[in-house]
Amino acid sequence: MLRLMTLSQREEFGRAGEPLPWEMPSAAAGSCPAEQVPTFQTIWRNLLRGGFPELVAEPDRDIALWQSAYIQTYLERDVRALRQIGNLLSFQSFLRALAARAGQLLNLADVARDLGIALNTAKAWLSVLEATFQVIVLRPYHANVGKRLVKTPKVYFTDTGLLCHLAGLRDAEHAGSGPMGGAIFENAVLLEIVKAFVNRGEEPRIYFWRTSAGEEVDLVVEAEGKLIPIEVKLSGTPRPAMAKGIRAFQAALEDRVGPGFVVHPGNVRLPLGAGVVALPFGEI
């Protein structure tokens, strides 16, 4: 059985089988052709559109109309086949509430209270969304596997176009410069990594890291016995200060940590200190 996700930028550029940055020999790193490093404007047009094959193949399609039809079809078919949804309007509100919290710590009790639904209902709906590959529930990294399951998770969507639509974003410039810009871009970076693993038949092991002192790393990828810390920044001009969380992670877990990356929407690859490299989004 193959899990088919929406198209990645690797697939669009015809380099789906290329290794992830931390899997490349250092000499080959950064070999993405310059013409394949998208501009900031191109990145946000693509994120607003998403990766559903029909929208990629037919760029003139009305994105908002297509996404609305997808949500309606999904609600009427898939969700009702899996679980009886009593109030479709409440479920649509639940979808929008999750979109507004993408990339944030998800407190389902708060969501349930705001929407006037039972906590168990919110949990069941989230399970359905995860089971039907509409969202990814990311859990915090902890050396004790059991503790990962009880800590507060984060939620991301499996298509940035769907996320933008649910968040009410219809303009690429507004999406990129608005208050949700960082969360959407972080969602996009996570998706590229997840799709790279899934498309070669591997189960991605990805977490986030957060301490009680406020130190955090957006994404932690477990690969080949190492933990790869990844920070996602919306600024196209990376600076060493952006790697603060990665350095804290390296200090905390020492030899278990592999190379760290700060992914940004610009076009420069440069070192940000020992073991940390700034990486353009186009190279993920």
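Readers should treat all values here as calculations from the given coordinates under stated rules, not as data from a laboratory. This one's a predicted model, so the numbers in the text were calculated from it and none came from an experiment. Here the Cβ positions follow ideal geometry from the backbone for every residue, glycine too, while neighbour counts run over all protein chains shown.
Once you order the gyration tensor axes a ≥ b ≥ c over the Cα atoms, which shape class does region 9-283 get: rounded for a/c under 1.5, otherwise prolate or oblate by comparing a/b with b/c?
oblate
Using 0.36 nm per residue of separation minus the Cα-Cα distance, give me the extension gain between GLU58 and SER212 in nm, one decimal.
Full extension from GLU58 to SER212 adds 50.8 nm.
Kindly express, to the nearest 10 degrees and within the range 0 to 90, the angle between helix 119-131's C-alpha long axis and the longest C-alpha principal axis of the chain.
So the helix axis and the longest Cα principal axis differ by about 60 degrees.
What is the helix-to-structure angle for 63-74, meaning the angle in degrees between its Cα long axis and the longest Cα principal axis of the chain, kept from 0 to 90 and rounded to the nearest 10?
Taking the Cα atoms of the chain, the angle to 63-74 is about 60 degrees.
Summing +1 for each Lys or Arg and -1 for each Asp or Glu, what net charge is found among the other residues whose Cβ lies under 14 Å from the Cβ of ASN120?
Surrounding charge for ASN120 is +3.
Would you kindly derive the ³J(HN,Hα) couplings of region 267-284 from the backbone phi angles with the Karplus curve 6.51 cos²θ - 1.76 cosθ + 1.60 (θ = phi - 60°), listing them in order in whole Hz, with x for Gly and Pro?
For region 267-284, the Karplus curve yields 10, 10, 10, 7, x, 10, x, 4, x, 9, 10, 7, 10, x, 4, x, 9, 6 Hz.
Ignoring everything except DSSP H segments at least 4 long, calculate the 222 nm mean residue ellipticity for the chain; use -39,500 (n - 2.57) per segment, divide by total residues, nearest 500.
The helix contribution divided over the chain gives -11000 deg cm²/dmol.
Long-range amide H contacts for VAL277: which residues qualify at under 5 Å (H placed 1.01 Å from N, peptide plane, sequence gap of 5 or more or a different chain)?
Hits under the 5 Å cutoff: GLY260, PHE261, VAL262, LEU272.
Only four residue types carry charge here, +1 at the Cβ of Lys and Arg and -1 at the Cβ of Asp and Glu. Report the dipole size of region 9-283 about the Cα centre in Debye, rounded to the nearest 20.
800
Give the distance, in whole Å, between the Cα centre of region 101-117 and the Cα centre of region 215-284.
Between the Cα centres of region 101-117 and region 215-284 lies a distance of 29 Å.
Using alpha carbons only, how many degrees (0 to 90, rounded to 10) separate the axis of helix 244-253 from the longest principal axis of the chain?
80
Counting DSSP beta bridges with both partners in the chain, what percentage is antiparallel, nearest 5?
Bridges in the chain are about 60 percent antiparallel.
Region 160-181 to region 119-136: how many Å between their Cα centroids?
Cα centroid to Cα centroid, the span is 22 Å.
Assuming a ≥ b ≥ c are the square roots of the Cα gyration tensor eigenvalues, decide whether region 129-284 counts as rounded (a/c under 1.5), prolate (otherwise, with a/b larger than b/c) or oblate.
Oblate shape, in that a/c is at least 1.5 and b/c is the bigger or equal ratio.
If R0 is 45 Å, what FRET efficiency do you get for LEU88 and LEU270 from their C-beta distance, rounded to 0.05?
Using R0 = 45 Å, I get an efficiency of 0.35.
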